[in-house]
1. Taking the radius of gyration and the Kirkwood hydrodynamic radius from Cα positions alone, what is the Rg/Rh ratio for region 164-217, to two decimal places?
2. Would you kindly derive the ³J(HN,Hα) couplings of region 113-129 from the backbone phi angles with the Karplus curve 6.51 cos²θ - 1.76 cosθ + 1.60 (θ = phi - 60°), listing them in order in whole Hz, with x for Gly and Pro?
3. Applying a 10 Å radius around every beta-carbon, put 271-278, 123-130, 245-252 in order of their mean neighbour count, most first.
4. How much net charge surrounds ILE302 when only the other residues with a Cβ under 14 Å from the Cβ of ILE302 are counted, with Lys and Arg +1 and Asp and Glu -1?
5. Using a cut-off of 14 Å between beta-carbons, work out the net charge of the residues near MET165 (Lys and Arg +1, Asp and Glu -1, MET165 not included).
6. LEU175's amide H: which non-local residues (gap 5+, or another chain) put their own amide H closer than 5 Å, with H modeled 1.01 Å from N in plane and none for Pro or chain starts?
7. Send over a whole-number figure in Å² for the accessible area per residue of region 73-199, probe 1.4 Å.
8. Rounded to the nearest whole Å², what accessible area per residue is found for region 234-308 with the 1.4 Å probe?
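The values are calculated or read from the model by the stated rules, or taken from the named source; none is laboratory data. In this text, all values refer to a predicted model and were calculated from it rather than measured experimentally. Note: ideal-geometry Cβ built from the backbone for every residue, glycine included; neighbour counts use all protein chains shown. Accessible surface areas use protein heavy atoms only, side chains included; no ligands, DNA or RNA. Shrake-Rupley method; radii C 1.70, N 1.55, O 1.52, S 1.80 Å.
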Amino acid sequence: MRAALVFLSVLFVGLAFGSPAPQDSVDGHEWDIGVDENGNMRLVSYRNPYLLDDERPSRREFEPERDVRFLLYTPANAETPDVLRNGDIGSIMGSHFNNSHPTRMVIHGWFGSPNSEINRLVRSALFFVGNFNVIFVDWSVGALDEFYPNSRQLVYAVGAAASNMLDYLELYGGLRKHEVVVVGHSLGAHVAGNVGKWQSGLLDTIIGLDPALPFFAGNAPDRIMATDARYVEIIHTNGGVLGFLDPLGHADFYPNLGRIQPGCGADVGGGCAHGRAVHFYVESILSRHGFVGQQCQSFQNIRDGLCNPTGVSSRMSGEPPNAAGAPEGIFFVQTANAFPFAAGC
């Protein structure tokens, strides 16, 4: 366990969420401060069309099958990924994909890229504990758009492309779908849900890390939901601001009641709390004891800022993660305010 703690200490060095100073607003335009998946503040417009001085540079139309990249990492190529291509059998046969190892599909959020924490930290943690195929879904061509609604509207299409990749790997690479876990952060959590939708809800486990709230009002059909897999787990860390507070899965975990996170300070914009879901997930993979959630009587408990325990407990995430048959409901998790976050690690 000491080795795991040292390893995690190295991973988290320098990961404090920097927040550049906001720029001045532009007269006549509806500007706001948005926070990307890395906790960085951005001056964004939510108005459609997004205009600056009545002009906007044209951009290439996003085509999921062309623009979404699937980067395969394994212990044999932990830093230099193979690029898997749907319809290109050579990209499968010439890769390090090993169908005897479980597969984890990892998906970034708005303004994410292969350099995102969720890629670097999750794959490093997984390789520390075992042999995995880690497929990172790089949809940065669509995610690197300061007009957030453009990126938001792509989650269904990106999920379809990722689902097609799983089908192709099953057909030509011997992928065992019952060993696939899909994990996504923020907008990537909704992409993960849509992967499950395209798989007819038959995947075993999907984990949504603080699924993005903006522009997912009500029961948006392309948001992550319990029917997306046999077991859908949600970790809420900035509920009501950047992430959903309402329960979305079979099991919804609310670390520190799910709105703000201790150790984040003033956390203007919520970026630190929003990103903390990734840190909790990574630590859950490596921690000996992990995060234990206490089931609450109802979601109203979370709204009221308390948890009336039922006596049922469940581990949050971890490796292997929960699957169908695990306890369901609303779970409160108490964490420390700094790494290691899990009590008893």
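1. Values: Rg = 12.2 Å, Rh = 11.7 Å.
On the Cα set of region 164-217, Rg over Rh gives 1.04.
2. Once θ is set to phi - 60°, the couplings for region 113-129 become 6, x, 8, 5, 4, 4, 6, 4, 6, 5, 5, 5, 5, 4, 5, 5, 9 Hz.
3. Values: 271-278: 27.6, 123-130: 18.5, 245-252: 21.9.
In decreasing order of mean packing, 271-278, 123-130, 245-252 become 271-278, 245-252, 123-130.
4. Values: positive: ARG259, ARG303; negative: ASP246, ASP252, ASP304.
It works out to a net charge of -1.
5. Numbers: positive: ARG66, ARG69, ARG85, ARG104, LYS177; negative: GLU65, ASP67, ASP82, ASP88, ASP138, ASP167, GLU170.
Net charge in that neighbourhood comes out at -2.
6. GLU170
7. Numbers: 4010 Å² over 127 residues.
Here the per-residue accessible area is 32 Å².
8. Working: 2450 Å² over 75 residues.
Per-residue value: 33 Å².
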